[in-house]
Amino acid sequence: MELILAVDIKENQVVHGKSGNRANYFPLDWGLASTTELTGYVRELNPKFLYIADLDRIEGTGDHEEIIKSCANRLKNSIVTGDHEVRMILYMILPLFQYLEQKL
């Protein structure tokens, strides 16, 4: 089984929320990693696959495009990012498809 780490980010912090109530999303600081800053979080957990939902971009208050690209470069196989422009999705999802194609 292949697992995908899915994270929400807001203001460059990995956050935990419930039921889409984004005003009450708080940094995910209960022990998975020593930091909630996205690149440090990804570095420590070292996932094979990653899905990122950029809440700032969704809400129109900014984006984390460069940080997400930095995370993509850290992963060996791929990164899947949510809620970005098509070019970002293609840039990052293609390695996942290539990996899955090899496994089939």
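The values are calculated or read from the model by the stated rules, or taken from the named source; none is laboratory data. Note that this is a predicted model, so its numbers are computed, not measured. Counting neighbours? That spans all protein chains shown, and the Cβs are built from the backbone with ideal geometry, glycine included.
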**Q.** Residue in segment 17-32 that is surrounded by fewer than 16 Cβ atoms within 10 Å (Cβ to Cβ) and either touching a residue at least 40 places away in the same chain (Cβ under 8 Å) or closer than 20 Å to L75 by Cα (or both) present
**A.** yes
Q. Would segment 87-100 turn up any residue that is modelled with pLDDT of 80 or more, of a type in the set (A, V, I, L, M) and either closer than 28 Å to A23 by Cβ or in contact with a Phe, Trp or Tyr (Cβ under 8 Å, 6 or more places away or on another chain) (or both)?
A. no
Q: Sort out which residues of segment 37-63 are polar (S, T, N, Q) and surrounded by 13 or more Cβ atoms within 10 Å (Cβ to Cβ), and write them in order of number.
A: T39
